[in-house]
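What follows is a short report on a single structure.
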Amino acid sequence: MNRSTTTRRALQPVGILAGAVGGLVGLFIISIVSNLLMLTGPLFMMQVYDRVLASRSVPTLVALTILVCALFGFYAFLEAMRSRMAIRFANVTNQIIGEKLFAASVQMKLVSGVPANADPVRDGDALRQFMSGPGPMALLDLPWLPIYLGLVFVFHPMLGWLATGGGVVITLLMIVNEITARRPSQDTNDAQVARQRQTEDARLNAETIIAMGMLCDIKARWAIKTRAMLDAQRAGGDLSAFFSSATRGFRFLLQSAVLAMGAYLVIRNELSGGLMFASSIIASRALSPVEQIVAQWRGFIGARQAYQRIRRVLHGTDDQTRHTHLPLPKASLAVTQMATAPAGSKNPILQGINFDLQAGDALGVIGLSGSGKSSLARALVGVWPSVLGDIRLDGAMLAHFDPSQIGTIIGYLPQRVELFGGTVAENIARFQQDAESATVIRAAKAANVHDIINQLPNGYDTCVGEQGDLLSAGQRQRIGLARALFGDPFLIVLDEPNSNLDAEGDAALTDAIRLSRDRGAIVIVIAHRPSAVVAVDKLLLLKAGRQAAFGIKSDVQQQITQQGSSSNVRTIKATA
């Protein structure tokens with residue numbers, strides 16, 4: 001059985017629970033004992049009315065009272081244990097699928113056409129919170145409904161039929177609640193996600209918002225989303241409150257109706273006073289789980305919708321772990337008739353790409369804006385899939401390497417450099433927990449950023465802030481370059497690596513490319529500025545998503561000049 005199959009089985013309801021089957025069995029057993037102890041009150045009342053009052057025996061009353069105190073104390077202990085076990089059971093379930101949900105959440109950002117409300121981590125939290133709440137406890141108590149009703153039937157058939165009729169009415173209310181609450185619950189979820197996304201967008205773009213006086217307008221848009229969310233919550237809450245109140249009121253009415261029927265039967269000498277009160281309490285207790293389920297129905301629907309989204313997301317995410325680890329590439333990169341598009345899209349943005357590079361080669365990728373340069377970079381590092389053709393390292397497809405090897409194989413500097421909350425050293429080391437300081441410093445020196453880091457307040461231990469906002473754009477780009485060089489990867493892809501660099505930074509970038517080539521790495525540089533391709537020996541020209549030229553840098557430059565290419569490309573030739 002492969003790991004992908006194992007992952008899919010783990011997503012089935014039984015599969016998710018299998019990892020905590022011991023806790024589930026424990027919850028079930030405790031629920032049985034707890035529901036048996038719920039009969040303590042009715043049985044005590046029966047004994048008081050039918051035995052103690054009839055015999056006027058104080059010792060019997062004292063003995064029964066002590067026994068009831070002990071039983072209810074034990075019941076309280078079991079209920080506390082049941083709640084604690086439910087929380088731990090939910091946490092175990094989260095441990096089983098939590099990391100998969102986080103990985104899927106990250107990967108979904110690269111998939112075209114993913115719904116805006118898709119957030120596996122939030123769905124996992126919703127499922128965990130529901131499982132640790134009162135809803136599942138009500139489900140565990142629900143099977144006792146026919147047992148309690150059967151006990152009422154034993155007391156007297158008329159009482160049993162009355163209680164059963166009440167149960168049917170409450171069940172119908174629950175069904176109507178399910179039908180009417182499904183849509184409002186989904187609307188509430190969508191509205192909450194839309195508001196949260198707008199909040200996150202505003203925080204990420206706070207600098208632009210404040211600098212350009214956009215705060216009032218953005219705040220107004222946020223207020224509209226908030227009103228939509230509150231309206232959806234109000235609609236769902238009103239509906240839930242109506243059915244919850246109707247169910248609770250009907251249960252109280254049924255308890256009184258059973259009591260009235262019992263009184264009638266006592267008058268006719270068909271029932272004792274103790275059984276009359278016991279029947280009323282047991283009938284009410286029988287329907288209590290249904291009332292709780294109705295009260296928690298929004299939680300039930302939310303958890304069910306979250307679970308369905310989790311299944312869809314994780315069923316579309318294969319476990320890419322490889323049992324066989326290929327040797328790390330050291331010799332070549334071959335791209336053959338490659339076409340690429342974002343994951344989930346069938347229309348290639350870039351196609352017809354063919355080139356071969358050997359260890360120590362450096363390729364500059366040039367072309368006008370929109371020609372597909374960044375798309376090529378994403379395809380080369382595996383961010384976008386190849387819809388046609390192959391990308392092979394030493395003859396092996398990139399997808400055939402285990403994910404744990406990718407960090408050793410590839411160094412990537414995206415066009416938009418994003419650092420993570422943490423220290424400079426942690427960002428350079430890609431947050432590897434066992435990264436050695438010497439390796440981090442070597443990468444920083446390779447990027448010629450070591451001296452710059454030493455000038456920061458705490459050196460390598462300086463916190464960069466959220467998304468690196470405590471650093472300048474040039475510092476972020478230089479640190480991003482050091483991160484790409486960390487671990488001496490074989491394939492280094494740099495997308496406009498000098499867009500925020502000064503002359504000193506350009507010289508440092510050129511030195512870093514040459515050092516990488518000297519140690520046998522393949523370097524690919526996406527270029528807009530001519531200084532970025534000074535240290536490359538080959539050029540690839542892209543036009544409108546297709547390969548227009550590839551070869552030795554001087555040959556391609558000559559070909560571009562003869563064809564009368566754009567001024568941007570001619571400038572690259574003249575400066576290189």
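The values are calculated or read from the model by the stated rules, or taken from the named source; none is laboratory data. All values derive from a computational prediction rather than experimental measurement. Every residue, glycine among them, receives a Cβ derived from its backbone with ideal geometry; neighbour counts consider all protein chains shown.
Observations on the model:
- Residue that is surrounded by the most Cβ atoms within 10 Å (Cβ to Cβ), among those in segment 248-306 that are more than 26 Å from L36 (Cβ to Cβ) and among the β-branched types (V, I, T): I301
- Filter result for the condition that a residue is assigned to a helix (DSSP H, G or I) and closer than 30 Å to L101 by Cβ, over R227, R251, R309: R309
- Residue selected from segment 32-87 under the condition in contact with a Phe, Trp or Tyr (Cβ under 6 Å, 6 or more places away or on another chain) and modelled with pLDDT under 85, by the criterion nearest to L149 (Cα to Cα): N35
- Of the candidates F300, F355, F277, the single residue that is aromatic (F, W, Y) and not assigned by TED's automatic domain parsing to the domain that holds L139 is F355.
- Residues within segment 479-509 that are at pLDDT below 90, assigned to a helix (DSSP H, G or I) and either closer than 24 Å to S375 by Cα or hydrophobic (A, V, I, L, M, F, W, C) (or both), tallied: 5
- Residue match in segment 205-212 (condition: more than 30 Å from the chain's Cα centre (by Cα) and in a loop (DSSP other than H, G, I, E, B)): yes
- Any hit, segment 392-408, residues being out of contact with any Leu (no Cβ under 6 Å at 6 or more places or on another chain), outside any loop (DSSP other than H, G, I, E, B) and farther than 30 Å from T340 by Cα: no
- When each of G411, G372 is tested for being at pLDDT 90 or above and either outside the structural domain of R514 (by TED's automatic domain parsing) or crowded, with 16+ Cβ neighbours inside 10 Å (or both), the lone residue that passes is G411.
- A single member of A220, A194, A235, A257 is more than 33 Å from the chain's Cα centre (by Cα) and in a helix (DSSP H, G or I), and it is A257.
- Test: residue in segment 294-301 that is at pLDDT below 80, outside any helix (DSSP H, G or I) and closer than 17 Å to I179 by Cα: yes
- Verdict on A246 being small (G, A, S) and in contact (Cβ under 8 Å) with a residue 40 or more places away in the chain: yes
- Within segment 435-451, the set of residues being in a helix (DSSP H, G or I) and surrounded by 21 or more Cβ atoms within 10 Å (Cβ to Cβ) comprises V440, A443, A444, A446.
- For L413, the stated conditions do not hold, so it cannot be described as more than 26 Å from the chain's Cα centre (by Cα) and of a type outside the set (S, T, Y).
- Failed item in (1) surrounded by fewer than 19 Cβ atoms within 10 Å (Cβ to Cβ); (2) not assigned by TED's automatic domain parsing to the domain that holds P134, with R311 passing the rest: (2)
- Residue within segment 272-282 that is within 16 Å of V152 (Cβ to Cβ), touching a residue at least 24 places away in the same chain (Cβ under 8 Å) and part of a loop (DSSP other than H, G, I, E, B) present: yes
- Just one of the numbered conditions (1) modelled with pLDDT of 90 or more; (2) closer than 26 Å to D511 by Cα; (3) in contact with a helix residue (DSSP H, G or I) (Cβ under 9 Å, 6 or more places away or on another chain) is not true of L350: (2).
- Candidate set from segment 162-205 (those that are among the polar types (S, T, N, Q) and over 30 Å from D469 (Cα atoms)); member that is modelled with the highest pLDDT: T164
- Any pair with Cβ under 9 angstrom, 6 or more apart, that starts in segment 125-136 at a residue that is assigned by TED's automatic domain parsing to the domain that holds A303 and ends at one that is surrounded by fewer than 17 Cβ atoms within 10 Å (Cβ to Cβ) and of a type in the set (G, A, S): R128/G98; S132/S83; P134/S83
- Meets criteria (closer than 16 Å to M46 by Cα, touching a residue at least 12 places away in the same chain (Cβ under 8 Å) and in a helix (DSSP H, G or I)) for V266: no
- Residue satisfying all of: in segment 452-466; assigned to a loop (DSSP other than H, G, I, E, B) and touching a residue at least 40 places away in the same chain (Cβ under 8 Å); nearest to the chain's Cα centre (by Cα) among these: G465
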